[in-house]
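Just below is one structure, and these are the notes that go with it.
Computed from the coordinates by the stated procedures, all read-outs in this text should not be read as laboratory data. Here the structure is a predicted model, which means the values were calculated and not measured. Glycine gets a Cβ as well: all are built from the backbone with ideal geometry, and neighbour counts include every protein chain shown.
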């Protein structure tokens, strides 16, 4: 039942040849054309990934494709938070808050090593639209609606804030409140990938960089999807009885290609985060109200700090931060911190930019005032038109509910799963974790933890790989060099890169640096370019293509 029980040894040293690295994706590309699937899922973001895992674990024959890399759009640009939507209390959406809090609780219980509780240190500015007492009552209501799952809120005086978080400028503040939610310790894209990996372990067929270009349905009800491998240019025909459109912000365009009419559509909200040096060592999310009154975060990200986010209407799906976006984020944070030298664009190590797909009815026009826009919620809606399911909206916090709902609809469409009660999510059982920790202790793994790391190697490997981490121990036993960091501040050791080469369908260097890991978020591109170990990492990932993949990554996009 648990895919994590397999302790397949990782590839050791440099013995992973190009065939072994490419075999996984190439095998799946061939299988895409050879089988008739029960369900074909378009889009490998969080909605597509949980749908694939939920269905495959129950024995449904699943194909999953994405025109780019898995988690390559919205799902790599979140705030890395699992939170119940405290801001929706202001619009009295108590049922939505209750649902999101329950989803957060469920996620935290299922992934205790990955989805970790964290305090949100919220500072109330002078003249704010709500009194501090009312905010205090609101956080207690939030705690109660969330089932009293987290620590209870704390009322903060300016003096307490200055003692606990001296970086906060309290001159224009009237105290604050600390409430509690959760965050993803590593990164959102890695969390998504683990659902894809789970679906693969349960028999799903998946491939990144595969784009569906046309679709038709024959008399027997089977969809014929014409697709193209965007790496080789090869044409692929995929056949399935049900199609799930999980393309996020691209869903409306894909529905137009499929000839599907829906009641809902997406409005797009652009969100920008900037990653800078670590501004405070505390493990809290510092929460402020931006100039326009919205919540604004300073989020720990390993050895760095992530600040944001913006929330502005966007007409395009693919977008980049503008100078105005950077100025807005930097201005908001500089006004609220006590730092000797204000942050500038020179301090930006990396940027996270994406659009949130917001589900609205088609008869609703574009939002008018900025306040109305900011109050649009991240709820999800699943519409079924014939045998095509479209997932509108959604967020990582609510992902398990999406997986369950997709499964229920697929069942109603006549797809009978052989294992309807199978568990499809969550960390391995405690017995697997205990065995991993026992083996790690016997080989004194934590003594091998690189000095630059912020936590023990055993804890990090377990969080990222679950039961598969046992195989990484075997790799380190064979060659202790596999416990060495290749790139300073990256917190990824050699055997993890070998694991990615074999098991994680890495096609481009960006896939690994940005999505299977968070290296590109904590190490600037300039430092990466000259980093010792990057060339070796590329050789592990791509073999004889290493030089070309390096050049591709550092070549500016047109």
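Classify the stretch 430-554 from the C-alpha gyration tensor, please: rounded if a/c falls under 1.5, else prolate or oblate depending on whether a/b exceeds b/c.
Taking the square roots of the gyration eigenvalues as a ≥ b ≥ c, the stretch 430-554 is prolate.
Taking a ≥ b ≥ c as the square roots of the Cα gyration tensor eigenvalues, with a/c under 1.5 meaning rounded and otherwise prolate when a/b beats b/c, else oblate, which class fits the stretch 376-468?
It comes out oblate by the Cα gyration axes.
Could you list 148, 40 so that the one with the fewest beta carbons within 10 Å of its beta carbon is first and the one with the most is last?
By the 10 Å Cβ count, ascending: 148, 40.
With both bridge residues required to lie in the chain, what share of the DSSP beta bridges run antiparallel, to the nearest 5%?
75
So how do 497, 409 line up by other beta-carbon neighbours within 10 Å, fewest first?
Sorted ascending by nearby Cβ count, the order is 409, 497.
Going by how many other beta carbons lie within 10 Å of each one, how would you line up 273, 266, 130, 239, fewest first?
130, 239, 266, 273
Between the stretch 279-327 and the stretch 499-558, how many Å separate their Cα centres?
26
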